[in-house]
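Asker: Submitted below is the structure of interest, expressed as structure tokens.
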Amino acid sequence: MFSIILVVIQLAVTLVVGIYFYRQLQQQRRAEPTVRKESSREMERLERMRAIHLSEPLAERVRPASFKDVVGQEDGIKSLKAILCGANPQHVLIYGPPGIGKTCAARLVLEAAKHSAGTPFRKDAPFIEVDATCVRFDERAIADPLIGSVHDPIYQGAGQLGVQGVPQPKPGAVTKAHGGVLFLDEIGELHPVQMNKLLKVLEDRKVMLESAYYNPDDSAVPRHIHEIFKNGLPADFRLVGATTRSPNEISPALRSRCMEIYFRALTPDEIASIASGAAQRAGYTMDGAEAETIGRYASCGRDAVNIVQMCAGLAQMEERTHITPEDVCWVVQSGHYAARPPQKADTVSRVGSIHGLAVFGTHQGALLDIEAVVTPGEGRVTVTGIVEEEELGQEGRRMKRKSTARGSAENVATLLEELGYPLGRRNLHINFPGGAPVDGPSAGVAMAVVAISAITGQRIDGTSAVTGEVSVQGRVKAVGGVPAKVEAARQSGLRRVFIPRENDAETLHMDGIEIVCVSTVQEVLDRMLLPEAAVDAPQQITPALPEPLPVAAQGEAATPAVTAGTGCP
């Protein structure tokens with residue numbers, strides 16, 4: 001009797017379970033047509049969207065397709081080829097302003113590297129481009145599109161493996177770039193946490209992932225997941241990082257793992273050629289004068305293309321195919337583009353006027369005019385212009401120190417006594433016109449020469465420029481940015497530039513300008529001060545050449561005081 005009851009119960013349970021699964025199967029079968037119908041509607045909608053195409057933007061149409069299309073970066077491309085096109089390609093950082101072709105150059109160099117002898121890059125080597133400013137990641141390691149992450153089974157959408165309690169590794173961009181190049185744009189903006197992870201990947205050439213849900217002894221875990229957690233995801237790539245920041249703003253740990261190259265800012269003439277090419281590809285004509293105007297106002301190639309695009313829009317509205325000067329002027333005015341001052345040097349030789357050299361931005365050279373006058377007084381040296389003070393330290397504990405440019409003026413005041421040009425009852429005023437901030441010691445030699453010119457009434461060679469730090473004993477010390485400074489002097493139309501002898505290795509391949517390496521200020525004076533006195537020099541209130549004081553008298557003379565101009569402490 002008892003066994004009969006158990007059989008009945010078993011049959012009842014079986015019947016209930018059977019009915020339940022039968023109904024589930026029926027519901028699933030009824031849902032399948034609905035799902036297929038919904039999927040079909042979405043596919044049709046997606047295909048209709050893909051059938052809609054707008055015209056190709058002009059910026060994409062003028063994107064360089066070969067090395068000859070990259071304007072003004074011959075040296076940078078040559079350096080990039082030397083690093084990547086060989087048997088042992090290295091990681092590289094590219095410095096330079098925006099819109100000058102860093103991304104296109106990196107892509108083209110990878111294609112060239114695939115065909116170079118002994119290259120480790122295969123024909124299908126990927127080029128993965130990531131913008132560091134847009135890389136989102138979760139500090140809990142839920143998602144990391146750059147390095148990779150693990151989708152644990154507790155998270156929504158874990159899938160069939162997640163239902164079984166299996167963690168699922170998700171590869172990031174470093175793994176997708178395996179065997180190729182990872183181009184990380186604006187790498188200077190990368191989050192510090194991401195930067196540290198990236199450094200580890202560069203060191204190990206693989207990504208190690210962890211999960212509290214992974215059990216190495218679980219037989220339900222697929223073999224490939226066991227392999228990933230044991231040996232990591234492959235990430236053997238070459239990093240090409242591009243940044244608009246200066247090198248001292250980039251992580252030293254990253255810089256130590258990379259080669260460094262510099263893409264320079266484009267000249268107005270080069271930007272004008274980009275504008276002409278953009279107008280031609282857009283199907284419009286434009287005179288050379290309008291292209292030159294765009295070159296003066298556009299800061300990079302991207303700006304030039306944008307201006308041409310807007311000018312073409314104006315012409316199209318009036319059913320024209322020629323871009324007029326009025327079109328360019330209207331776009332420049334409405335876009336509030338600022339004109340870049342012409343870098344053409346005044347080569348007239350004058351008393352108390354000299355061409356110095358400076359570096360600003362991302363290693364861009366610039367001409368720095370310095371002037372000096374001598375007036376009756378009590379032996380005071382005044383420095384005016386924007387001569388900065390430097391602020392050091394962190395929040396809550398900061399200190400200010402006198403800028404090294406002002407320190408160079410003090411060295412010059414002492415050097416005048418040392419060389420036998422005491423001020424006596426005369427004041428010396430050195431000015432940096434133009435409103436450009438001046439810091440660093442590289443203007444020291446120029447200040448010494450212009451001061452002696454003002455004292456003696458001798459003209460300074462207007463076709464020459466000089467850079468270098470000056471010591472109180474008259475020695476010329478090394479400074480930074482010499483190649484960019486020499487290039488600026490060459491573009492300004494100067495014929496000669498004086499640099500410290502310690503910097504001579506940096507300018508071995510400079511053409512079109514004479515480079516003179518000097519060790520002392522006296523060498524510069526012998527070459528830059530013209531022997532005849534200037535007839536029209538305004539500094540005729542002083543003797544042409546004061547006789548050096550006796551040694552005893554020099555010892556009794558007071559050291560000239562150095563003061564700042566208006567607005568400087």
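The values are calculated or read from the model by the stated rules, or taken from the named source; none is laboratory data. Since this is a predicted model, take the numbers as computed values, not measurements. Please note: Cβ atoms are built from the backbone with ideal geometry, for glycine as well, and neighbour counts cover all protein chains shown.
Asker: Looking at G96, G118, which is the one that is surrounded by fewer than 15 Cβ atoms within 10 Å (Cβ to Cβ) and either in the same structural domain as G179 (by TED's automatic domain parsing) or within 21 Å of D236 (Cβ to Cβ) (or both)?
Answerer: G118
Asker: Regarding A443, is this residue under 15 Å from H355 (Cβ atoms), small (G, A, S) and touching a strand residue (DSSP E or B) at 6+ places or on another chain (Cβ under 8 Å)?
Answerer: yes
Asker: Just for the stretch 378-426: of the residues that are of a type in the set (D, E) and in a loop (DSSP other than H, G, I, E, B), which one is modelled with the highest pLDDT? First the steps, then the outcome.
Answerer: The initial filter retains those residues of the stretch 378-426 that are of a type in the set (D, E), namely 378, 388-391, 395, 410, 417-418.
When the remaining residues are screened for being in a loop (DSSP other than H, G, I, E, B), the result is 378, 388-389, 395.
Numbers: E378: 86, E388: 51, E389: 46, E395: 43.
For the stretch 378-426, the residue satisfying everything is E378.
Asker: Any residue that is assigned to a helix (DSSP H, G or I), closer than 30 Å to M195 by Cβ and in the same structural domain as Q194 (by TED's automatic domain parsing) - is there at least one of those in the stretch 255-266?
Answerer: Of all residues in the stretch 255-266, those assigned to a helix (DSSP H, G or I) come to 255.
Of the ones still in play, those that are also closer than 30 Å to M195 by Cβ are 255.
Now drop any that are not in the same structural domain as Q194 (by TED's automatic domain parsing), which leaves 255.
Yes.
Asker: Sticking with this one: For the stretch 43-62, name all the residues that are part of a loop (DSSP other than H, G, I, E, B) and either polar (S, T, N, Q) or touching a helix residue (DSSP H, G or I) at 6+ places or on another chain (Cβ under 9 Å) (or both).
Answerer: Taking the stretch 43-62 first, the residues part of a loop (DSSP other than H, G, I, E, B) are 51-57, 62.
Answer for the stretch 43-62, where residues must be part of a loop (DSSP other than H, G, I, E, B) and either polar (S, T, N, Q) or touching a helix residue (DSSP H, G or I) at 6+ places or on another chain (Cβ under 9 Å) (or both): S55, P57, V62.
Asker: When you go through (1) of a type in the set (D, E, K, R); (2) under 37 Å from the mean Cα position of the chain (by Cα); (3) outside the structural domain of A105 (by TED's automatic domain parsing) one by one for R41, which number turns out not to apply?
Answerer: (2)
Asker: Same structure again: Restricting attention to the stretch 224-246, and to residues there that are in contact with a helix residue (DSSP H, G or I) (Cβ under 9 Å, 6 or more places away or on another chain), of a type outside the set (K, R) and within 17 Å of L199 (Cβ to Cβ), which single residue is surrounded by the most Cβ atoms within 10 Å (Cβ to Cβ)?
Answerer: V240
Asker: Hey, another quick one. If you go through the stretch 211-221 one residue at a time, do you hit one that is over 31 Å from the mean Cα position of the chain (by Cα), assigned to a helix (DSSP H, G or I), surrounded by 15 or more Cβ atoms within 10 Å (Cβ to Cβ) and not assigned by TED's automatic domain parsing to the domain that holds S492?
Answerer: Start the filter on the stretch 211-221 by keeping residues that are over 31 Å from the mean Cα position of the chain (by Cα), which leaves 211-221.
From what is left, the residues that are assigned to a helix (DSSP H, G or I) are none.
Within the stretch 211-221, none of the residues are over 31 Å from the mean Cα position of the chain (by Cα), assigned to a helix (DSSP H, G or I), surrounded by 15 or more Cβ atoms within 10 Å (Cβ to Cβ) and not assigned by TED's automatic domain parsing to the domain that holds S492.
Asker: What's the total number of residues in the stretch 159-191 that are of a type outside the set (K, R), assigned to a helix (DSSP H, G or I) and modelled with pLDDT of 90 or more?
Answerer: Number of matching residues: 6.
Asker: Could you tell me whether T267 is at pLDDT below 95 and farther than 30 Å from A177 by Cα?
Answerer: Details: at pLDDT below 95: yes; farther than 30 Å from A177 by Cα: yes.
It is true that T267 is at pLDDT below 95 and farther than 30 Å from A177 by Cα.
Asker: I'm told H91 meets every condition in (1) free of Cβ contacts under 8 Å to residues at least 24 places away in the same chain; (2) under 27 Å from A484 (Cβ atoms) except one. Can you identify the failing condition by its number?
Answerer: (1)
Asker: In the stretch 65-81, what count of residues is obtained for those that are β-branched (V, I, T), out of contact with any Ser or Thr (no Cβ under 7 Å at 6 or more places or on another chain) and not in a helix (DSSP H, G or I)?
Answerer: Restricting attention to the stretch 65-81, the residues satisfying the condition of being β-branched (V, I, T) are 70-71, 77.
Those left that are additionally out of contact with any Ser or Thr (no Cβ under 7 Å at 6 or more places or on another chain): 70, 77.
Okay, now just the ones that are also not in a helix (DSSP H, G or I), so 70.
Matching residues across the stretch 65-81 total 1.
Asker: Here is a follow-up. Residues being more than 17 Å from K68 (Cβ to Cβ), in contact with a helix residue (DSSP H, G or I) (Cβ under 7 Å, 6 or more places away or on another chain) and among the charged types (D, E, K, R): count how many of those fall in the stretch 265-301.
Answerer: So the count comes out to 3.
Asker: With respect to G434, is the statement that it is part of a strand (DSSP E or B), of a type outside the set (F, W, Y), modelled with pLDDT under 80 and at positive phi true? Explain how you work it out, then say what you get.
Answerer: Details: part of a strand (DSSP E or B): no; of a type outside the set (F, W, Y): yes; modelled with pLDDT under 80: yes; at positive phi: yes.
For G434, the condition - part of a strand (DSSP E or B), of a type outside the set (F, W, Y), modelled with pLDDT under 80 and at positive phi - is not met.
Asker: I need a count of the residues in the stretch 161-191 that are free of Cβ contacts under 8 Å to residues at least 24 places away in the same chain and hydrophobic (A, V, I, L, M, F, W, C).
Answerer: 1
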